[in-house]
Amino acid sequence: MDAKSWYAGGLRFKCTSCGACCKNHGDYTFVYLTERELEAIPKFLGMSRREFLAKYATKEPGHWPTLRMDQPACPFLKEDNLCAIYPVRPKQCATWPFWEENLVEATWKGSVTECCPGIGKGELVPAEEVDRIARETEEWFEG
Ligand code: SF4
Ligand code: SF4
């Protein structure tokens with residue numbers, strides 16, 4: 001049996017805009033910023049890359065910069081739970097929840113469903129599209 005056959009019929013997901021995934025979850029809250037993000041987001045905000053990094057990012061030596069999540073939520077989460085940089089939001093925000101690591105049946109039905117009320121809602125996303133998004137995310141992550 002194909003390892004991915006559990007979602008061969010597609011997966012349902014529709015964001016309910018609850019904002020939960022944009023809030024600080026402690027040690028596991030990382031939104032990575034690649035070159036793509038470091039070009040697009042400062043431009044969208046009318047800032048220099050340097051200003052953006054100083055104000056909105058953290059960087060550990062040897063790691064990619066991440067969005068500063070030392071506040072209760074991402075600095076770009078608005079009061080209405082929408083994203084202030086939506087058109088240029090980081091790839092990992094745009095492709096959630098269809099990440100390779102989430103496409104394991106136990107993970108999808110367990111921790112992913114527990115943390116995201118959009119799972120199981122909306123139209124079925126075909127398996128091919130799910131896989132395409134997961135691949136795109138991996139490629140982005142690999143640089
Ligand atoms: S947790 Fe899920 S439903 Fe809530 S904002 Fe994030 S993606 Fe949308
Ligand atoms: S950039 Fe936007 S979508 Fe991503 S965590 Fe921040 S508020 Fe949420």
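General remarks:
- Residue selection: Pro61 fails the criterion of being loosely packed, with under 15 Cβ neighbours inside 10 Å, away from ligand 1 (no atom under 15 Å from the Cβ) and closer than 30 Å to Glu128 by Cα.
- Answer from Val130, Val88 - the residue that is at pLDDT 95 or above, in contact with a strand residue (DSSP E or B) (Cβ under 9 Å, 6 or more places away or on another chain) and of a type in the set (A, V, I, L, M): Val130
- In segment 96-106, the residues that are surrounded by fewer than 18 Cβ atoms within 10 Å (Cβ to Cβ) and outside any loop (DSSP other than H, G, I, E, B): Glu100, Glu101, Glu105, Ala106
- Residue in segment 32-48 that is within 17 Å of the chain's Cα centre (by Cα), of a type in the set (S, T, N, Q) and within 30 Å of Pro126 (Cα to Cα) present: yes
- Condition check for Glu123: of a type outside the set (Phe, Trp, Tyr), assigned to a helix (DSSP H, G or I) and more than 14 Å from ligand 1 (Cβ to nearest atom): no
- Test: residue in segment 51-64 that is in a loop (DSSP other than H, G, I, E, B) and at pLDDT 90 or above: no
- Residues being within 16 Å of ligand 2 (Cβ to nearest atom) and farther than 18 Å from Lys4 by Cα - total across segment 109-143: 6
The values are calculated or read from the model by the stated rules, or taken from the named source; none is laboratory data. Being a predicted model, the structure only gives us computed values, none of them experimental. Because the Cβ atoms are built from the backbone with ideal geometry, glycine has one as well, and the counts that use them run over all protein chains shown.
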